[in-house]
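Reading through the C-alpha cells given below for one structure.
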Amino acid sequence: MSTSRIVVTGIGASSPLGGTAPESWSALRAGVSGTHTLTHDWVEKYQLPVTFAAEAVVRPETVLERPVAKRLDPASQFALIAAKEAWADAGAPDVEPERLGVDFATGIGGVWTLLDAWDTLREKGPRRVMPMTVPMLMPNAAAGNLSLHFGARAFARTVASACASSTESLVNAYEHLRDGLADIVIAGGTESAIHPITMASFASMQALSRRNDDPEHASRPGSIDRDGFVMGEGAAALVLETEEHAKARGAKIYAVLVGGGVTADSYHITANDPEGHGAARAVRLALEAADASPDDVTHINAHATSTPVGDPNEYQALKQVFGDRIDDIPVSATKASTGHLLGGTGALEAVFTILALQERIAPPTINITEQDPEVPFRISGDEQSLGAGEQLAISNSFGFGGHNAVVAFASA
C-alpha cells in the first residue's frame with residue numbers, strides 16, 4: 001500500500017442550485033432553495049400526490065452537443081457535465097491512460113431510458129426500440145462513458161448502494177489510489193430520477209414531503225415539523241490523486257481526503273437501524289483511516305434528509321461517536337437547499353464539505369422553523385464560522401439496503 005496522501009485537485013457539479021460547483025456553492029451560502037413546483041404534463045396526467053422536486057438548474061441538453069446528449073441517459077449527461085468541469089478545474093492533467101481511473105456511482109441509473117423504451121415497445125412495437133437502450137440504461141453507463149471520454153484505462157467502476165452510492169465511490173477511489181492502482185481517479189455520482197414512477201413510489205411509502213403549497217420550504221432537516229424528503233437530481237465529480245502526483249505537476253489542492261468508512265446495518269431494506277450502530281461504525285472507520293479522533297472533527301455535513309425518523313436516528317448514531325460534543329460541532333444539512341439527489345447526493349455534499357473547509361464556514365441550513373429537541377445538532381439558518389487552525393470534516397451518506405458510507409476531509 002502507498003503511504004501517499006490523497007488530495008482533491010478538481011471539483012465539478014450540476015445541481016438544483018447551479019450549473020457549476022461555484023454557482024452551487026454560492027447559492028447554498030445565500031440560502032437559496034432549489035425546490036420548485038414541477039411543470040411537466042405528467043404530474044397532472046398521473047395525478048401525482050407530490051407535485052414538486054429539486055430539478056437541476058441547467059438542463060444537460062443545453063450544455064452538451066446534441067449527438068452526445070442523444071446517446072446518453074440524463075443521469076450520464078449530468079455525470080459528463082460535472083466530470084468535465086472537475087477535469088478542467090484540475091488543469092486537465094497529463095496522465096498515462098493506464099494510470100487514470102473512474103469510480104462513478106448512481107443509485108438507480110437510467111430510469112428515463114428504461115421506461116421510455118417500455119412505452120415505445122408497447123405503443124410502437126419492438127422495431128422502434130433504440131439499439132442503444134441497454135447501454136444507456138445500465139447503471140455503469142456513467143462510469144463507462146466517462147472512461148471513454150477521458151481515456152481512463154486503469155478501471156471504470158460503479159457503486160450502486162442507493163443514497164450512499166457516491167460517498168462509497170469516494171471511499172473506493174481513496175482506497176484504489178492508496179493501493180497504487182492509479183495516479184488519478186475521477187470519482188463522484190449522478191442521478192436523474194425525477195420521473196412519475198419514482199415520485200409515485202416514494203410518495204406511496206410516505207417518504208416524500210407533501211408541502212405542495214410551499215415547495216421551497218418543504219425540505220427542513222432537523223425542524224420539528226419536517227414531513228419527508230424532496231427529490232433532487234444532478235451530479236458532482238471530484239478529481240482525486242496522490243499527493244506526489246499532484247505536487248509533481250504543480251496542481252492546486254483543495255483538501256485532503258484522509259479516510260473513509262463503509263458498513264452495513266443488516267437491519268431493514270428501507271429503514272436504518274434506529275440505534276445507529278452501523279452508521280456510527282462507518283464514522284469510526286473513517287476517523288481511524290484518517291488517524292484522527294472524534295475530538296479533531298470541526299464540521300459535519302449530515303445526511304439529514306428531513307424524514308421524521310431518519311434525522312433523529314443519525315443524531316443518535318453520531319452521539320455514539322462524539323458523545324455530548326456532537327452538540328458543539330457546526331453541522332450543515334444541505335439537502336434543505338438541494339433536495340435529495342439519491343446516488344448523486346454524497347458527491348455533491350463532498351464538494352460542499354471541501355469548500356466549507358477551504359472557506360472555513362459551515363453553510364446555512366434553511367427552513368428550520370423550530371428545531372426538534374430530538375435532533376439538537378448545532379445547525380443554523382446562518383453560516384457558522386469554523387475558526388482558525390487545521391480543519392477536519394466528515395460527510396455522511398446512508399442508503400436503502402442498510403448502506404452506510406462516510407468520508408473525512410482535512411484542510412489542505
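No lab work stands behind these numbers, since they all come straight from the coordinates. The structure presented is a predicted model; accordingly, all values stated were derived computationally and were not measured. In this analysis, Cβ positions are derived from the backbone assuming ideal geometry, glycine residues included, and neighbour counts consider all displayed protein chains.
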When a/c reaches 1.5 or more, the comparison of a/b and b/c decides; with that in mind, is the chain rounded, prolate or oblate per its Cα gyration tensor? oblate
In whole percent, what relative contact order does segment 285-348 give with Cα contacts below 8 Å and a gap of six or more residues? 39
Find the relative contact order for the chain and round it to a whole percent, using C-alpha pairs within less than 8 Å whose residues are 6+ positions apart. 24
Report the calculated FRET efficiency for SER201 and ALA248 (r = Cβ-Cβ distance, R0 = 60 Å), to the nearest 0.05. 0.80
Stretch ASN212-GLU65 to full length: gain in nm at 0.36 nm per residue minus the Cα-Cα span? 49.4 nm
With a Förster distance of 22 angstrom and the Cβ-Cβ distance between SER380 and ASP225, calculated FRET efficiency to the nearest 0.05 equals 0.80
Report the FRET efficiency, 1/(1 + (r/R0)^6), for LEU121 and HIS36, where r is their Cβ-Cβ distance and R0 is 35 Å, rounded to 0.05. 0.60
Per-residue ellipticity at 222 nm for the chain, helices alone: DSSP H runs ≥ 4 residues times -39500 (n - 2.57), over residue total, nearest 500 deg cm²/dmol? -10000 deg cm²/dmol
Taking ARG249, ARG281, ARG122 and counting other C-beta atoms within 10 Å, the order from fewest to most: ARG122, ARG249, ARG281
Cut-off is 10 Å between beta-carbons; in what order do GLU191, GLU175 appear when sorted fewest neighbours first? GLU175, GLU191
Could you tell me how far the Cα centroid of segment 391-410 sits from the Cα centroid of segment 1-79, in Å? 21
How many nm separate the modelled label positions at ARG153 and SER266, each set 7 Å beyond the Cα in the direction of the Cβ? 4.2
Quick one: P(r) of segment 6-248 from all Cα-Cα pairs, 5 Å bins, percents rounded to integers, in order of increasing distance. 1, 7, 13, 17, 18, 16, 12, 8, 5, 3, 1, 0
Where does segment 259-411 land on Rg/Rh, using Cα atoms and the Kirkwood Rh? 0.92
Could you calculate the contour length gain from ALA388 to ASP179, that is, 0.36 nm times the residue separation minus the distance between their Cα atoms, to one decimal place in nm? 71.9 nm
